[in-house]
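Visitor: My questions will all concern the structure given below.
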Amino acid sequence: MKPAPFEYHAPETIADAVGLLAQHGDDAKPLAGGQSLVPLLSLRLTRFDHLVDLNKIGALSGISRDNGHVVIGAMTRHRAVELDPSIATSVPMLAAAMPWIGHFQIRNRGTIGGSIAHADPAAELPAVAAALDAELEITSKSGVRRVAAADFFQGTFMTAIDTGELLTAARFPVWGKGSGFAFTEFARRSGDFAIAGVGVGLEATGGKITRAAIAFMGMGPVPVRATDAEKALLGVSIASLDAAAVARVAVGATDPTGDVHASAANRTKIATHLAEQALTRAASNAAANA
Amino acid sequence: MAQAHVPMADKHRDRAPLFEGTAARFVGQKVLRKEDPRLVTGHGQYVDDIVLPGMVHAAFLRSNVAKGRITKLDTSPALALDGVIAVYTHADLRYVPGTIVATMMQAMGGAACPENLLATDDVRFVGDCIAVVVAESRYIAEDALELIDLVVVAETPVVNLEEALTDTHIVHKELGTNITGTIDIPRDPHIEGLLTESAHVVTATFNQARQTNSPMETRGIVASWDRFRGELQLHMSNQNPHEMRRRAADLLAVDESKVHVAQQDVGGGFGQKMFMPREEAVIVLLSREVGRPLKWIEDRRENLMASNHARRDRATVTFALDADKKIVAGYVDINEDAGAYPFGGAGAGAMAGMLLQGPYKLQRTAFKSYAVFTNTCGRAAYRGPWQFESVIREQMVEHVARRIGIDPVELRRRNVIQWEDLPWTTPMQVMVYDNMSPAETLDQAVEMIGYEAFRAEQKRAFEEEGRLLGIGFSLYIEPSAQNMGALATEGATVQISGTGKVDVFMGTGSHGQSIETTMAQIVAEELGVHVDDVEVHQGDSNTPFGGGTGGSRTASIVSGAGRAAAIQVRQKVFQIAAHLLEANPDDLEIDSSVISVKGTPAGKTVTLAQVSHTALYATEGLPPGMETGLEATARHRQEAVTWSNACHVCTVEINRNTGAVSFARYIVSEDCGLMINPMVVEGQVAGGVVQGIAGVLYEDFRYDADGNPLTTTFMDYLLPTAAEVPIIEHGHIETPSNTPGGYKGMGEGGAIGAPPCVFNAVADALWLLGVEVFDHPLGPNEILDALATAG
Ligand SMILES: Cc1cc2nc3c(=O)[nH]c(=O)nc-3n(C[C@H](O)[C@H](O)[C@H](O)COP(=O)(O)OP(=O)(O)OC[C@H]3O[C@@H](n4cnc5c(N)ncnc54)[C@H](O)[C@@H]3O)c2cc1C
């Protein structure tokens, strides 16, 4: 379990980092918290001749507000987001999802950018990004572009990040008054990647749902938005929401596969239950926030 | 947390008092572990901490197909890599057949399987070793592995028990069959009659899931051959330094005195490190060729897929009961998966068969047991190697109770062996039970859990809220501290320095058993010194011969040796002290290293340091003719096994939406005789229970249909963590055994009792819906599948 040989680079600026990525092309890979990349390298499931360590680039860390969005630098540690009091009020679904990521030791190292760029189908942050229509800020030598979450996650471990590009920030929209969120998942042990999970956001005005977002994780190669269920929720009275029925519709959008931990059918069962729970909780949070 | 403690009468009242002439301050006390300051602060020293000048590193090329013929194996590209020192294949290894077989197994008929240290012309499981690279660093060694030009033509593997039995495909072509180790104790006509004509006859088949030991420290070895002395120095992570020395000497064909085995801390083993495995034998053989210290540290993936597996067993069991619901006969057919290269014996089915009756007055039993080879990782001992007996019997007891409509506790009470029944000879006439308390532990567990109240709550929660609560018991007896062969003996040297401090040398290989503490307690007690004044040196072959730390041997056998040596030294201490005090040695006592005349608190005293100074430095002061020094070596021979017993009970709830099982309570009522250190006893119980919980709910080593392992990291092979396991509550009953000290072995018990207890609790909860289960594991997937069958 030792990685294949690589050359190690530790740039201190974004410009130097993207320069190195451009120079070495597909032979280079950014190294963030290393919580996913290092095991893969050690198991020799992947290898790169050049690792570009992002840990010395101060400009990549931090949480700020910009035009109705919370902007989180790619190298911001999971733990920093989890413990930031402003996140709990501005992007409550994100705050609710953070404690589910691994164990605190992993969250001390792992980064927001690393999780999103890694795009594990069972990871929390891609699902939250998908649910909230986050924008991902990608930087290369030729500039900065923003990609919507819906276009960003393209397959298992596959994203819109191209050769020579770096994910520099994630932008999460802040929802308004009357909104409520919930995030839940089921894993076999505390801290494991989940068998299934779901994030729900609801916003209501005058007791009627005006905005709904439901995204599943672990239920397909990429986070799955339950768009039919979301549409069906619009105009529904938040007080008399039939969470079980909506959950059944929502899970219809997913197409899970089985693995050693759960068959596809049992994943669906679990996800349906989780969606019902999350819908109920989001509705009551929204009502409380009216 | 509930705690209960019941001392039982001693069946051997005429025995000598347990301690003579000392103050009984340490044995039986919760003495803090001497090991902890270094271990809990992360400063233990493990084999990978050993770094020797000039050391080089080995890595194994392992098969990634379950079965296949090697048609090409060219190591020259690897050898050409900078930093590679040598590459070896089977053709390069020279060893005498038989020398890799554990000494104990040689006495029992030799190897169960071919002795290939590296693959010859074929591979037999994913992880099978094909070649070994020696290089300047482990990194380079692993780079070189990728350069070896290997072609394997895959063949159809044998992946499970059912396929193996048909012998359609053969794992070991040399043997011609996959079936091994058959033991058949046929049913006599009387048993046959009972099994067909009794009032109740119930048959069921149970499967246990494949589990692996998963010690925190994987296997590892540093072998250093000194060609000028012709000596081998071995640092190894092992449980059994004297066996490792013997194996290494045999492999290299040198005298045992030319091999020294030493270890510092060992991060667990659970049976995995009792005997020398293939990889370590290869390193030993190569150490002389390489001529530089050679290190091999197993990585976690290797440990999971290629160290050893255990527990993959299947049994079909029949119980016959009379009209009073007394179990009158039992028969079991046991089938074990031995994998490709089992070590330390192919299986333990015979012991499981012989223990079918467990703690019950079941007078007629018979069994058949056989193991099969498969193209999977080989089997070896795992904490409680024959624990399948408790799984078979205790799951069967509750299954029978459900089928014939009797409460499972009541069924056990009708059948359990009572105090008055002891000694009790088992049906096959080979074992005699004594000094055990199964009925009492059952009563204690029932009381601690509040059985009646739980049943009422279970009913209410189901009827009013549809919740699935369950309770499961398991009652077992544990033959521990075996009295056969090398396992029946241990030695100890007790030595007092000129400053009155005590060194103890023991042949054990502690790998988590707190031996440095408990054995110091024993010696301190017998010598009348403070436990802090006793240092136990072990984990080294420069000690009196010992049979290794395993089989729950330490408490009664090793302590027997330590006790005997300490008593001899104490007698000499009293003789010298008597001379110095001008008193009679029989009138003396020692407490906290001060020797005085009994009953004269203000009288003259002499300290142990003064006595030992006299014995070593002021030898003129010794009684005339007395030998100098204060040291003794004594051995203990175990005459009979000790019988520990316990009752486990737990309560669980099944989440009907996710299939998850959560624990409400977990109670163990244990009788391991007198406890040397209750805290260590409870630690051993708890560790075993967690492994048992794991076997049913979490750990499940899986292969696909082609024999590819699917759970080769801790992401998929799930060890439960502190978050998953309940608080374990302990009850104690102390029935002294008939050994010096009255102790019984108990290190494996938790892992023996827990699997059926957990299974039974889940099965009990599912039975609320009329659903029956028979197989481990019971992860959420299996439980959701079971729930889906409910009407
Ligand atoms: C025991 C354990 C349990 C875990 N459990 C969970 C869990 O439950 N849920 C979960 O979501 N995760 C879990 N993780 C993974 C953890 O969250 C990782 O931190 C995360 O997936 C990757 O973040 P990282 O900063 O460590 O990235 P790294 O491991 O350094 O990198 C991961 C990948 O992203 C790429 N990358 C990183 N940063 C950038 C960037 N700025 N731009 C472009 N590419 C980039 C890397 O090149 C690499 O391919 C677990 C990890 C462990 C070890």
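Visitor: Among B:Leu674, A:Thr13, A:Pro92, flag the residue with its Cα farthest along the positive direction of the charge dipole of the protein assembly as shown, charges on Cβ as +1 for Lys/Arg and -1 for Asp/Glu.
Guide: A:Pro92
Visitor: Can you pull the percent of Cα pairs in segment B:82-191 with separation above 22 Å?
Guide: 53 percent
Visitor: On a full-extension model of 0.36 nm per residue, what is the gain between B:Glu162 and B:Gln429, subtracting their alpha-carbon distance, rounded to one decimal in nm?
Guide: The span from B:Glu162 to B:Gln429 would gain 92.9 nm if fully extended.
Visitor: How high is the relative contact order of segment B:674-727, in percent, counting Cα pairs under 8 Å that sit 6 or more residues apart?
Guide: RCO, segment B:674-727: 29 percent.
Visitor: Over segment B:484-637, what number does the Rg to Rh ratio reach, with both radii from the alpha-carbon atoms and Rh per Kirkwood?
Guide: 1.01
Visitor: Rounded to the nearest 10 Å², what accessible area does B:Met276 show when all protein chains are kept and the probe is 1.4 Å?
Guide: Accessible surface of B:Met276 is approximately 20 Å².
Visitor: Right, next: Over the protein assembly as shown, give the accessible area per residue in Å² for a 1.4 Å probe, as an integer.
Guide: 37 Å²
Visitor: Same structure again: Going 7 Å from the Cα of B:Thr499 along its beta-carbon direction, which residues of segment B:537-567 have the amide nitrogen within less than 18 Å of the resulting point?
Guide: Residues B:537 qualify, since their backbone N sits under 18 Å from the label point.
Visitor: Which order do A:Glu124, B:Glu289 take when ranked by solvent-accessible area (1.4 Å probe, heavy atoms of all protein chains), largest first?
Guide: In descending accessible area the options line up as B:Glu289, A:Glu124.
Visitor: Over 22 Å, how big is the tail of the calculated P(r) for segment B:649-726, in percent of all Cα pairs?
Guide: Counting every Cα pair in segment B:649-726, those more than 22 Å apart make up 41 percent.
Visitor: A further question on this structure: Can you spot the aspartates and glutamates whose alpha carbon is less than 16 Å from B:Lys295's alpha carbon? Ignore those fewer than 8 places along the same chain.
Guide: Straight-distance partners of B:Lys295: B:Asp48, B:Asp49, B:Glu136, B:Glu142, B:Glu217, B:Asp226, B:Glu279, B:Glu280.
Visitor: Of B:Lys30/B:Lys744; A:Lys2/A:Lys29; B:Lys273/B:Lys572; A:Lys29/B:Lys72; B:Lys325/B:Lys459, which ones are farther than 28 Å apart at the Cα?
Guide: B:Lys273/B:Lys572; A:Lys29/B:Lys72
Visitor: What percent of all Cα-Cα pairs in segment A:7-53 falls in each 5 Å bin, counting up from 0?
Guide: Cα pair-distance distribution for segment A:7-53, in percent: 5, 23, 31, 24, 12, 4, 0.
Visitor: While we're looking at this one, here's another question. Please report the spacing between the Cα centers of segment B:531-566 and segment B:153-224 in Å, no decimals.
Guide: 35 Å
Visitor: Normalised by the residues of chain A, what does the relative contact order come to in percent, with Cα pairs under 8 Å and at least six apart?
Guide: The value is 16 percent.
Visitor: If eta is 1.306 mPa s and T is 10 °C, what Stokes-Einstein diffusion coefficient results for segment B:320-383, Kirkwood Rh from Cα pairs, in µm²/s?
Guide: Using the Kirkwood radius from Cα pairs, D works out to 120 µm²/s.
Visitor: On the Cα set of segment B:654-791, report Rg and Dmax in Å, please.
Guide: Rg then Dmax for segment B:654-791, in Å: 17.7, 58.
Visitor: Using only the Cα atoms of segment A:178-248, what do you get for the radius of gyration and for Dmax, in Å?
Guide: Cα only, segment A:178-248: 13.3, 41 Å (Rg, Dmax).
Visitor: Under a cut-off of 18 Å between alpha-carbon atoms, report the aspartates and glutamates in cross-link reach of A:Lys141, not counting same-chain residues fewer than 8 places apart.
Guide: A:Glu12, A:Asp16, A:Asp26, A:Asp27, A:Asp53, A:Asp162, A:Glu165
Visitor: Check each of the trypsin sites (Lys or Arg not before Pro) in segment B:63-170 and keep only those in coil by DSSP with at most 11 other C-beta atoms within 10 angstrom; list them in order.
Guide: B:Arg94
Visitor: Now for a separate question. Using label points projected 7 Å from each Cα along Cα→Cβ, tell me how many nm separate B:Arg460 and B:His190, to one decimal.
Guide: So the label points at B:Arg460 and B:His190 sit 5.0 nm apart.
Visitor: If you count the DSSP beta bridges with both ends in segment B:440-562, what percent of them are antiparallel, to the nearest 5?
Guide: If we restrict to bridges inside segment B:440-562, about 60 percent are antiparallel.
Visitor: How big is the charge dipole of the protein assembly as shown about its Cα centre, in debye rounded to the nearest 20, if each Lys and Arg gets +1 on its Cβ and each Asp and Glu gets -1 on its Cβ?
Guide: Using only the charged Cβ atoms, the result is roughly 960 debye.
Visitor: Would you calculate the convex hull of the Cα atoms in segment B:138-182 and tell me its volume per residue in Å³?
Guide: Hull volume normalised by residue count: 143 Å³.
Visitor: If r is the Cβ-Cβ distance from A:Lys177 to B:Glu410 and R0 is 60 Å, what FRET efficiency results, to the nearest 0.05?
Guide: Plugging the Cβ-Cβ distance into 1/(1 + (r/R0)^6) gives 0.45.
Visitor: Would you kindly state how much longer the chain becomes between B:Ser592 and B:Ala618 on full extension, computed as 0.36 nm times their sequence separation minus their alpha carbon distance, in nm to one decimal?
Guide: 7.1 nm
Visitor: Is there a simple number for the mean count of other chain Cβ atoms within 10 Å of the Cβ of residues in B:723-732, and what is it?
Guide: Shielding by partners across B:723-732 averages 1.
Visitor: Which whole-angstrom value gives the distance between the alpha carbon centres of segment B:357-413 and segment A:105-165?
Guide: Centre-to-centre (Cα) distance: 52 Å.
Visitor: In 20 Å bins starting at 0, how do the alpha-carbon pair distances of the protein assembly as shown split up by percent?
Guide: 12, 36, 36, 15, 2, 0
Visitor: Points 7 angstrom from Cα along the Cβ direction at A:Asp255 and A:Thr210: gap in nanometres?
Guide: 3.6 nm
Visitor: Based on the inverse mean of 1/r over its pairs of different Cα atoms, what is the Kirkwood hydrodynamic radius of segment A:1-142, in Å?
Guide: About 15.9 Å for segment A:1-142.
Visitor: Leaving out ligands, DNA and RNA but keeping every protein chain, what accessible area does B:Trp424 have, in Å² rounded to the nearest 10, with a 1.4 Å probe?
Guide: Roughly 20 Å² of B:Trp424 is accessible to a 1.4 Å probe.
Visitor: Can you spot the lysines whose alpha carbon is less than 17 Å from B:Lys173's alpha carbon? Ignore those fewer than 8 places along the same chain.
Guide: Counting by Cα, and skipping residues close in sequence, B:Lys173 has these lysines nearby: B:Lys67.
Visitor: Specify, per residue and in Å³, the volume enclosed by the convex hull of the alpha carbon atoms belonging to segment A:58-173.
Guide: Per-residue hull volume (Cα only) is 98 Å³.
Visitor: Can you give me the % of accessible surface on segment A:139-198 that is carbon or sulfur? Probe 1.4 Å, all protein chains present, nothing else counted.
Guide: For segment A:139-198, the apolar C and S fraction of the accessible surface comes to 49 percent.
Visitor: Taking only C-alpha pairs under 8 Å that are 6+ residues apart, what is the relative contact order of chain B in percent?
Guide: Worked out over chain B, it gives 17 percent.
Visitor: To continue, here is another question. In whole angstrom, how far apart do the alpha carbon centroids of segment A:240-284 and segment A:45-74 sit?
Guide: For segment A:240-284 versus segment A:45-74, the Cα centre distance is 32 Å.
Visitor: For chain A, what is Rg from Cα atoms divided by 2.2 N^0.38 Å, rounded to two decimals?
Guide: So the Cα radius of gyration is 1.00 times the expected 2.2 N^0.38 Å.
Visitor: Thinking of chain B as a set of Cα atoms, what percent of all their pairs are more than 41 Å apart?
Guide: Tail fraction, whole percent: 36.
Visitor: Next question. If I model a spin label at B:Met55 and B:Glu452 as a point 7 Å from the Cα along the Cα→Cβ vector, what separation in nanometres do I get?
Guide: Here the modelled spin labels are 6.4 nm apart.
Visitor: Using a probe radius of 1.4 Å on protein heavy atoms only, what is the accessible area buried between chains B and A, both sides summed, to the nearest 100 Å²?
Guide: That pair hides around 2400 Å² of surface in total.
Visitor: What order do B:Asp540, B:Asp775, A:Asp228 take when sorted by accessible area (1.4 Å probe), most exposed first?
Guide: A:Asp228, B:Asp775, B:Asp540
The values are calculated or read from the model by the stated rules, or taken from the named source; none is laboratory data. Remember, predicted model here, so these are calculated numbers, not experimental data. Please note: Cβ atoms are built from the backbone with ideal geometry, for glycine as well, and neighbour counts cover all protein chains shown. Please note that ligands, DNA and RNA were not included when accessible areas were found on the heavy atoms of the full protein model with its side chains. Shrake-Rupley method; radii C 1.70, N 1.55, O 1.52, S 1.80 Å.
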